[in-house]
Amino acid sequence: MPELRQFTRARPGSGLLTATVPREFVHRVAVAEILLTGWTRAGADRFTITAQWPRAHQLHVSPDRSAYEPLLIAETVRQCGALLAHAAYDVPLGYQFVLQELRTDTRPEHLAVGSAPAEPVIDVTVTEVRRRAGRPAALRYEAVVRLGGERVGTGGIAVTWTKDSVYRRLRAGRTADTGSLRLPRPLPEPLPPETVGRVLAADVLLAPTARPGRRRLRVDTAHPVFFDHPLDHVPGMLLLEAARQAVRAHTGPGRVPASFHATFHQYAELDEPVWVELSEAAGDDVQVVALQGESEVFACRVGAVAG
């Protein structure tokens, strides 16, 4: 497959136009949610990917529009894996991707929003390609994110995928288009938005409970960012944001959740309650887990730094 071009040339004399990559390659429907603008191959399993970050965003920019949120780096690195799987490793469109691990470490002091959209460069090294019947079936990769040559974050992801027919068998009729999912309504009342670093109640993912250290996950399938398209399970980025909010509520506004080391153990189903709990980990880190029934579906060690 030919490599995508970062730029499309307009009529003679009019200069270059920046374009995003095809939305299908990053598993987004809304063009506004596409962060990547192009890629080139730097070696057998090494790539350079370009992106653009908006100066305002419902989730990925601070409410006062002064700084990019650290989880924007996580979403950027996630999109890199989807893009490379399709464009560089020939994974057909329509395959179902499953995020298994995600690690990101950021430097919030270098994430200020400037006078123009930031244009980070991401260097990606694929460290493992697992194959099934001779075809790629999983990737593990490392990423370094730079702005103006300054390293602002790193990331690592493990992701697998399967063809849609196999996925449907695995999900046993619980896919988004079957009409079998009965979502709980209404949503439980949220924590006060300011306690989790949000302005809108609609962006708050946690509801209080009577048990200290435990919150209930609020899953709104109409949310335009987390549910950019119909899904049959709680998406990984929503769980990461819930971990961020849990730590922010725990530490207060003086500390910024800046690193996330997450493992996704199994699907978090939409029609069963999910409980978010946290406990102190080593040093300044906080361990966050999401529980459904008797199972731990997600675990994330979050590191917070002085804000």
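Coordinate-derived values only; no laboratory data. Model, not experiment: these values are computed from the prediction. All Cβ positions, even for glycine, are placed from backbone atoms using ideal geometry, and neighbour counts span all protein chains on display.
Some values worked out for this structure:
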item	result
Calculated FRET efficiency for the pair Glu128/Glu272, C-beta based, R₀ 35 Å, to 0.05	0.60
Calculated P(r) tail over 21 Å for region 166-236, as whole % of Cα pairs	37 percent
Using alpha carbons only: equivalent-ellipsoid semi-axes of region 180-301, gyration tensor based, whole Å	22, 17, 14
Stokes-Einstein translational diffusion, region 14-54 - Kirkwood Rh over all Cα pairs, 1.567 mPa s, 4 °C, in µm²/s	113 µm²/s
Isotropically averaged projected area of the chain, using the convex hull of Cα atoms (one quarter of hull area), nm²	17.4 nm²
Distance histogram for region 27-81 (every C-alpha pair counted, 5 angstrom bins, percent rounded to whole numbers)	4, 17, 25, 24, 14, 9, 4, 2, 0
Ranked by how many other beta carbons lie within 10 Å on average, peptides 258-265, 228-235 from highest	258-265, 228-235
Under 5 Å, built H, 5+ apart or other chain: amide partners of Asp232	Ala176
Listed residue (Leu183, Leu170, Ala304) projecting farthest to the positive dipole end of the chain, Cβ model	Leu170
Size of charge dipole - region 221-307 - debye, nearest 20, with Cβ of Lys, Arg +1 and Asp, Glu -1, no other charges	460 debye
